[in-house]
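The values are calculated or read from the model by the stated rules, or taken from the named source; none is laboratory data. If you're wondering where the values come from, they're calculated on a predicted model, not measured in any experiment. Cβ placement follows ideal geometry from the backbone for every residue including glycine, while neighbour counts extend to all protein chains displayed.
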Amino acid sequence: MTRIPYEMTDGVIENIAEEVLGTASKSGQSHLYWLFHFTRSLGAPDAVITDATPNVDAVASESFLANLAHQRPWHEMMFGGILGIENQIPEAYTRVVDGFQRNYADILQPDDYAFHTIHIVVDEDHGGHVGEFAEQYLDTEAKRRSARAAYLAGAELTRRCWDAFDGASW
């Protein structure tokens, strides 16, 4: 059985702890801190986050990730969860940050949308060296097929979540 490289395991555990459990990131703050900071900067009450009802795409994404984490081979989590999802974030958040700078510079300061700029850098780092990783650990056709399927599912569910932002309000 191929083992997950130690560095990759630590990176995945650290990322999940930051994003899901709300532990402090390398910035010294948790993902939740930066998300609340952003919504407060827009003048939104905390209830926008705490009382939010997930839409179908968010529930599907959460179920997909739980399935990958608990039921599927490790390489599907790496390629479906990390690459399929986080690979889209830098480009999407770059467009979002450009929009904030262009249209809301009178309301928002760069620190107000740090939630987004931090993800641009961090998620680019998470996607780095994936080709080398794939070559080394996807050593059978069965692993390549299941990783490819997980990647496509993760990418599609992420696209649906991004599409669901249209018309967001409080």
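Could you check, for segment 96-110, whether at least one of its residues is in contact with a His (Cβ under 6 Å, 6 or more places away or on another chain) and either closer than 28 Å to Tyr151 by Cα or touching a residue at least 60 places away in the same chain (Cβ under 8 Å) (or both)? Step through it out loud before you land on a result.
First pass over segment 96-110, keeping only residues in contact with a His (Cβ under 6 Å, 6 or more places away or on another chain): 96-97.
Checking the rest, the ones that are also either closer than 28 Å to Tyr151 by Cα or touching a residue at least 60 places away in the same chain (Cβ under 8 Å) (or both) come to 96-97.
Scanning segment 96-110 turns up at least one residue that is in contact with a His (Cβ under 6 Å, 6 or more places away or on another chain) and either closer than 28 Å to Tyr151 by Cα or touching a residue at least 60 places away in the same chain (Cβ under 8 Å) (or both).
List pairs: first in segment 71-92 and farther than 27 Å from Thr117 by Cα, second at pLDDT 80 or above and not in a helix (DSSP H, G or I), Cβ under 9 Å, 6+ apart or cross-chain?
His75/Leu138
How many residues, within segment 55-96, are under 16 Å from the mean Cα position of the chain (by Cα) and either within 15 Å of Trp162 (Cα to Cα) or not in a helix (DSSP H, G or I) (or both)?
The total comes to 19.
I'd like the residue in segment 143-168 that is at negative phi and outside any helix (DSSP H, G or I) and, out of all such residues, is modelled with the lowest pLDDT.
Of segment 143-168, the ones at negative phi are 143-166, 168.
This time we only want the ones that are outside any helix (DSSP H, G or I), so: 164-166, 168.
Details: Ala164: 72, Phe165: 67, Asp166: 62, Ala168: 56.
Only one residue fits best here, namely Ala168.
Quick test of your reading of the structure: Ala66 fulfils all but one of (1) of a type in the set (Gly, Ala, Ser); (2) closer than 18 Å to Thr39 by Cβ; (3) surrounded by fewer than 18 Cβ atoms within 10 Å (Cβ to Cβ). Name the failing condition by number.
The one condition Ala66 does not meet is (2).
So the check is Cβ under 6 Å with 6+ separation or different chains; which pairs have a first residue in segment 117-142 that's surrounded by fewer than 18 Cβ atoms within 10 Å (Cβ to Cβ) and modelled with pLDDT of 75 or more and a second one that's in a helix (DSSP H, G or I) and β-branched (Val, Ile, Thr)?
Within 6 Å, the pairs are Thr117/Val97; Ile120/Thr94.
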